Structures are given as C-alpha cells and as structure tokens.
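Q: Take this structure, written in structure tokens, and hold onto it; I'll ask about it next.
The values are calculated or read from the model by the stated rules, or taken from the named source; none is laboratory data. Since the model is a prediction, treat every value here as computed from it, not as a measurement. For neighbour counting, all protein chains shown are included, and Cβ atoms are generated from backbone atoms with ideal geometry for every residue, glycine included. Ligands, DNA and RNA are stripped out before the accessible areas are found, and what is left, the full protein with its side chains, is counted by its heavy atoms. Shrake-Rupley method; radii C 1.70, N 1.55, O 1.52, S 1.80 Å.
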Amino acid sequence: MAHAKAGASLPVPNVQALAQTWHGSGEPVPGRYVRTEEMGAGEVVAGCAIRVVDLSRLLDPRSSEEELANLGSACQHWGFFQLINHGVLDEVIQDVKRDMIEFFKLPLEAKKVHAQVPGGLEGYGQSFVFSETQKLDWADMIYLMISPKESRDLRFWPTRTPSFRDSVDRYSAETAKVTASLLRFMAADLGVEPEHLLEAFRGQPQSMRTTYYPPCRQAADVLGLSPHTDATGLALLLHVNDVQGLQIRRDGKWHAVNPLDGAFVVSIGDILEILSNGRYRSIEHRVVVHPDKERISAAMFHQPCPNTTTGPLPELVNRDSGGARYRSMDYMDFMNNFFASKLDGRRSHMDAMRIY
C-alpha cells in the first residue's frame, strides 16, 4: 500500500546488535537514544486498570446489552481495552509467538536479508527516522503488509523460520474475524448501521508490526517507542512475552498497562475517532523498556481501503447539534499528512482534521 512508502525511514544502527555489544561495556548509552527529559515529562501511574471487555459476553444475548455498555465506555473514555474470550485458538497464538521469537533470535545477517529498502517501510529495520540528528527509539521492528494478499511483498517475509507464513496467515485470519465482530458491536454502541461502519474497512486491510525491545541498563533514559496515536482504525496488540512496557496517556499522566494473560490489548485508532465524530478516542501511548529483559510485541493494524474517504459517519453528523467535528479526506491524503507531521516534528497530525 502507498502509505508503506510514505513512511520510509533513514537507515540507522541495529539496536539489538548495539545492545548486545554495549550492555556489558560500562559506557553510557549513545547520545541519540538519550530521552531523559521526555521520560520525566508526566507522572507514571503503575498498574493501570483499563477496561476488560469479554467478547463471549457480547455474543451472548443474555449479557450482550450490559457488555455493550462496557465496550462503549472503554472506547469513549479510555481508547484502550483488554479483550478476553476472543475465540482465537491458543494454538494459533502460540504458533505466531514462537515464530516471532525465532525470527529475532536469528543472526543479524539473516535478519538483514529482509531489511527495508530505500523508499519503503516494509521489512526489518526502524520507522519514522527522517533526519540524521533526531532522537531514536530503543527498538527494532519488522513491518509487513498482510492483507489483501496481493499487497504482500514476500521479500520481507522471514524464510529461516519455515512456518512463519502459515502461522501469520492463520493469525491474521482469526484477528480479522475478531475485528469484524468488534466493529459490529461498536456500530451498535454508536447507533449506526453496522454495514456503514464496516464499509470503511471492506476487505479488511491489515498490516503487522512486530517490535523487539532489547534490555537497556539505562532504561530510565531511553524510549522503546515514542509517544504517538495509531493512524489506523483498530489495532490488536499481542504481548509475545510477559514483559510489560506499554503506557497510555490520560489526564496528563502515563498509565502503565499490565496485560492479562491470553488477552488482546485493543486500541482505538485515529480513523475510528474520526468516523465516530469524536465519540471514540484515539489515545497517545508509548513504550518503555526493561533494564535486563527483552520485550517483544506484535500489533495487527486494521485500516481502511486506500480509496476510502475518511470522515464522520453521516448518521452521527446529523445527530450532533454541532455537525461534523472532523473534515473528510481521502485516506491516502490522511496518511501522507500523518507522515508529514512526523517529518515536521509535530506531535499530532489530527490537528489538520479537526473542525474548531
């Protein structure tokens, strides 16, 4: 998809390899990774109790109404929730976790076979690196276009883990089902026809970012992933291992999320905030790293089709006395604005979309 090219990054040193050589050296962390001032901006609240949504209760007519209210409250007030009883077989999840772990265990040269190419975001490397002087995240990632299948560039798909493609195929199919179900319930909560919301995601385009955060003995001075919102519709985050690091920003404080075993952490993206005319919230979040443990996570992003016009759903605009709170824009223009804001150093690309 075009937005993968729009987000192309400059090449920077591999963080996993850097961490392996630096960790026992006694030297201070390289200056481009030092984010002490940012890390100290805002109180951190431990043990964030974000809402837990039970998909099995949503599907059960006896409990659906009560659980729908819980889902709506989570989307409106937190922008994040943990989804349990989602129906994805543990075998499917364990297989994809195994293959992600195995990929990052490969020697650097084997991983670099799938490195990003100039002008592209897909593949193994980093993202949002636009200058030779900007601060860097303490992480490496592999980013893949998953669905539709014709959007895949198999150059970037790991081959040294032979089951990788099959495990990701099964996992993406299952998460697509979960997402379609969630979107239908979100439409019910918003009071719109389900097909009107689902139409924006027809074909269910998916991309997946799997991120490796090496340990850092100066963990208080670095960031694994810079503060951002997701320029997508809905993201399902899988914690590949049990190391916590996700923090969400609410009321000026950073809240550390403790993932539940077997749950997906679901985040509302910018597109759903716009489609809902601001009823749902896309919340700023970041990732911190651990001083002596690696962390691996995988985010499956569900996004609109490239030729979709992104704007508030007409039913919601007609219902709101203030009318549309966001401009309508071609999705690819929206993505170009998203990456341009990163290039310009602006924190929020949503400013261009809001109608004040």
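Q: Is there a residue in region 160-173 that is modelled with pLDDT under 95, in a loop (DSSP other than H, G, I, E, B), surrounded by 15 or more Cβ atoms within 10 Å (Cβ to Cβ) and not basic (Lys, Arg)?
A: yes
Q: Looking only at region 200-216, decide whether some residue is over 12 Å from the mean Cα position of the chain (by Cα), hydrophobic (A, V, I, L, M, F, W, C) and farther than 27 Å from Asp90 by Cα.
A: Applying the first criterion (over 12 Å from the mean Cα position of the chain (by Cα)) to region 200-216 yields 200-205, 212-216.
From what's left, hydrophobic (A, V, I, L, M, F, W, C): 200-201, 216.
Subsequent filtering for residues that are farther than 27 Å from Asp90 by Cα retains 200, 216.
Scanning region 200-216, I find at least one residue that is over 12 Å from the mean Cα position of the chain (by Cα), hydrophobic (A, V, I, L, M, F, W, C) and farther than 27 Å from Asp90 by Cα, so the answer is yes.
Q: On to the next question. Suppose we filter region 270-301 for residues that are in a strand (DSSP E or B), open to solvent by less than 10 Å² (accessible area, probe 1.4 Å) and closer than 16 Å to Cys75 by Cβ; how many remain?
A: The total comes to 0.
Q: Which residue, of Ser267, Ser328, is hydroxyl-bearing (Ser, Thr, Tyr) and either surrounded by 14 or more Cβ atoms within 10 Å (Cβ to Cβ) or over 28 Å from Gly203 (Cα atoms) (or both)?
A: Details: Ser328 fails: either surrounded by 14 or more Cβ atoms within 10 Å (Cβ to Cβ) or over 28 Å from Gly203 (Cα atoms) (or both).
Being hydroxyl-bearing (Ser, Thr, Tyr) and either surrounded by 14 or more Cβ atoms within 10 Å (Cβ to Cβ) or over 28 Å from Gly203 (Cα atoms) (or both) holds for just one of Ser267, Ser328, which is Ser267.
Q: Are any of the residues in region 20-29 more than 27 Å from Ala173 (Cα to Cα), in contact (Cβ under 8 Å) with a residue 12 or more places away in the chain, open to solvent by less than 60 Å² (accessible area, probe 1.4 Å) and among the aliphatic types (A, V, I, L, M)?
A: Pass one, region 20-29, residues more than 27 Å from Ala173 (Cα to Cα): 20-29.
Okay, now just the ones that are also in contact (Cβ under 8 Å) with a residue 12 or more places away in the chain, so 20, 23, 28-29.
Among the residues that remain, those that are also open to solvent by less than 60 Å² (accessible area, probe 1.4 Å) are: 29.
Filter once more, keeping what is among the aliphatic types (A, V, I, L, M): 29.
For region 20-29, residues more than 27 Å from Ala173 (Cα to Cα), in contact (Cβ under 8 Å) with a residue 12 or more places away in the chain, open to solvent by less than 60 Å² (accessible area, probe 1.4 Å) and among the aliphatic types (A, V, I, L, M): present.
Q: Are there any pairs, at least 6 apart or on different chains, whose C-beta atoms fall under 8 Å, with the first in region 137-158 and without any contact (Cβ under 8 Å) to a residue 24 or more places away in the chain and the second β-branched (Val, Ile, Thr) and assigned to a strand (DSSP E or B), and if so, which?
A: Short answer, once both residue conditions are applied: Arg152/Ile146.
Q: Between a residue in region 88-109 that is farther than 13 Å from Val168 by Cα and any residue that is open to solvent by less than 100 Å² (accessible area, probe 1.4 Å) and of a type in the set (Phe, Trp, Tyr), which pairs come within a Cβ distance under 6 Å, given they are 6 or more apart or on different chains?
A: Close Cβ pairs satisfying both conditions: Phe104/Tyr212.
Q: Follow-up question, since we're still on this one. Which one is most open to solvent (accessible area, probe 1.4 Å) among residues in region 30-79 that are without any contact (Cβ under 8 Å) to a residue 60 or more places away in the chain and under 30 Å from Ala219 (Cβ atoms)?
A: Step by step, filter region 30-79, then rank; the result is Glu37.
Q: Going by the conditions given, is Glu195 of a type outside the set (A, V, I, L, M, F, W, C) and surrounded by fewer than 16 Cβ atoms within 10 Å (Cβ to Cβ)? It would help to see each step written out before you state the result.
A: Numbers: of a type outside the set (A, V, I, L, M, F, W, C): yes; surrounded by fewer than 16 Cβ atoms within 10 Å (Cβ to Cβ): yes.
In short, yes.
Q: Let me ask something additional. Being surrounded by 14 or more Cβ atoms within 10 Å (Cβ to Cβ) and under 16 Å from Gly269 (Cβ atoms) is true for just one of Leu182, Leu144. Which residue is that?
A: On the way: Leu144 fails: under 16 Å from Gly269 (Cβ atoms).
Criteria check complete, one pass: Leu182.
Q: Looking for something among the polar types (S, T, N, Q), crowded, with 20+ Cβ neighbours inside 10 Å and not in a helix (DSSP H, G or I) - is there at least one such residue anywhere in region 333-349?
A: No, region 333-349 has no match at all.
Q: Moving to a separate point now. Any idea how many residues of region 206-248 are open to solvent by less than 10 Å² (accessible area, probe 1.4 Å), in a strand (DSSP E or B) and under 22 Å from Asn336 (Cβ atoms)?
A: Count: 5.
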